[in-house]
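To start, the structure itself, in structure tokens.
What follows is calculated from the coordinates using simple rules that are stated; it is not laboratory data. Just so we're clear, the structure is a prediction, and the values are computed from it rather than from any experiment. Positions of Cβ are generated from backbone atoms using ideal geometry, with glycine treated the same way; all protein chains shown enter the neighbour counts.
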Amino acid sequence: MKVYKKTALTYEEQLERLISRGLEVKNKEKALHLLENLSYYRISGYLYPMLKEPKSEHKFKEGSTFENAFKIYCFDRELKQLLSSDIEKIEISFRAKLTYVLSHKYDSFWYTHKRLFKDTSLHNNSLKSTYDMSIDSAEDFALEYRKNYLNTYLPSWMALEIVTFTHLSKLYSNLKDSSAKSEIASFYGLHTPILENWLMILTYTRNICAHHSRFWNRNLSHKAAKFKKELTYNWVDLTGVPKNSSYVYICIIKYLLDRVNPKNTLRERLLDLFSKYDNIDIYKGMSFPENWIKQPLWDNGFLNTSSL
């Protein structure tokens with residue numbers, strides 16, 4: 001361990017440092033503008049793949065440009081916008097299914113009953129969080145409910161519209177009722193442990209997108225769980241593919257999206273994005289296999305894929 005002693009640099013000093021390390025900058029004025037509005041630290045994540053080995057020496061490979069790093073940043077931003085929209089559809093579906101199944105099996109306030117949950121401490125925290133969010137909510141339905149009813153808690157179809165996706169994921173995982181959990185998982189063509197794992201991955205991905213963190217070429221924090229049984233619907237061969245790669249995460253989104261919106265255009269939108277940013281190496285950077293487009297999950301059988 002050592003004491004951090006680096007001092008802040010001006011935008012001009014930041015750019016000169018990059019140039020001194022071998023980075024080509026074609027338009028210094030634009031580069032300074034981007035450093036000012038994006039920050040050196042954020043851009044450095046997109047410069048990192050351009051560094052020579054060992055990367056600790058901070059020397060850029062020949063031909064590395066600031067402009068190319070910005071193009072990679074733009075690709076990552078557009079990819080996250082694309083995925084965020086589809087995760088939202090899955091999240092809304094999961095909220096609806098969780099509410100429907102448990103409300104019909106128990107009652108309107110099932111999420112408040114300790115007997116239904118494995119870990120009472122987690123349930124207490126969940127219930128307090130739900131209550132606090134409902135009290136703080138400015139949603140019309142929450143305000144109207146508090147005006148007209150004496151109940152401490154909102155009915156589940158209101159309460160679960162207010163809580164976060166992470167909250168929902170933990171609520172599902174903590175449920176005791178294996179048959180209810182299985183019914184929800186089977187709706188998505190999954191077994192319960194896989195849905196729990198995938199919900200964790202989705203909430204993590206959503207947070208990356210919401211906080212504008214780098215997604216495209218990271219070793220992501222959560223690994224996709226191995227299947228003990230085959231999935232119900234078309235999937236992919238992940239032999240040799242890192243289970244925490246962006247490709248696997250995107251496949252998970254596609255599989256669930258196919259259940260929620262069978263006519264989705266995720267495949268076509270990805271192809272358009274890859275075509276727009278032909279400087280992106282989706283194979284090395286994102287662990288896409290060479291034959292990804294022909295895998296059962298992705299193969300629509302009508303597009304010309306010779307350029308991929």
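A dipole drawn for segment 11-64 from +1 and -1 charges on Cβ atoms has a positive end, and of PRO49, LEU38, VAL25 the residue lying farthest that way is PRO49. Cα centroids of segment 197-272 and segment 113-149: 30 Å apart. Equivalent-ellipsoid semi-axes for the chain (Cα gyration tensor, √(5λ), whole Å, largest first): 41, 26, 17. In terms of distances greater than 22 angstrom between alpha carbons, the cross-link table entries LYS114/LYS147; LYS6/LYS26; LYS226/LYS263; LYS6/LYS59; LYS89/LYS276; LYS105/LYS254 yield LYS114/LYS147; LYS6/LYS26; LYS226/LYS263; LYS89/LYS276; LYS105/LYS254. The Rg/Rh ratio of segment 163-307, with both radii computed over alpha carbons and Rh defined as the Kirkwood radius, is 0.96. Projecting the Cα atoms of PRO262, SER173, CYS74 onto the charge dipole of the chain (Cβ charges, centred on the Cα centre) puts SER173 farthest toward the positive pole. If R0 is 22 Å, the Cβ-Cβ spacing of LEU150 and LYS114 corresponds to a FRET efficiency of close to 0.55. For the chain, what does the helix formula give at 222 nm: sum of -39500 (n - 2.57) over DSSP H segments with n ≥ 4, over the residue count, nearest 500 deg cm²/dmol? Theoretical 222 nm ellipticity from helices: -18000 deg cm²/dmol.
Across every direction, the projection of the convex hull enclosing the Cα atoms of segment 11-64 has a mean area of 3.4 nm². Note on LYS26 and THR10: the extension gain reaches 3.8 nm, defined as 0.36 nm multiplied by sequence separation minus the Cα-Cα distance. Spin-label model, ASP272/ALA96: points 7 Å from Cα along the beta carbon direction are separated by 2.4 nm. Computed from label points 7 Å out along Cα-Cβ, the spacing between ASN244 and LYS294 is 3.2 nm.
Remark: segment 1-72 carries a charge dipole of roughly 300 debye about the Cα centre, counting +1 on each Lys and Arg Cβ and -1 on each Asp and Glu Cβ. Sorting 193-203, 266-276 by average packing, meaning the other beta carbons within 10 Å per residue, from highest down gives 193-203, 266-276.
Taken about its Cα centre, the chain carries a charge dipole of roughly 880 debye when the Cβ of each Lys and Arg holds +1 and the Cβ of each Asp and Glu holds -1.
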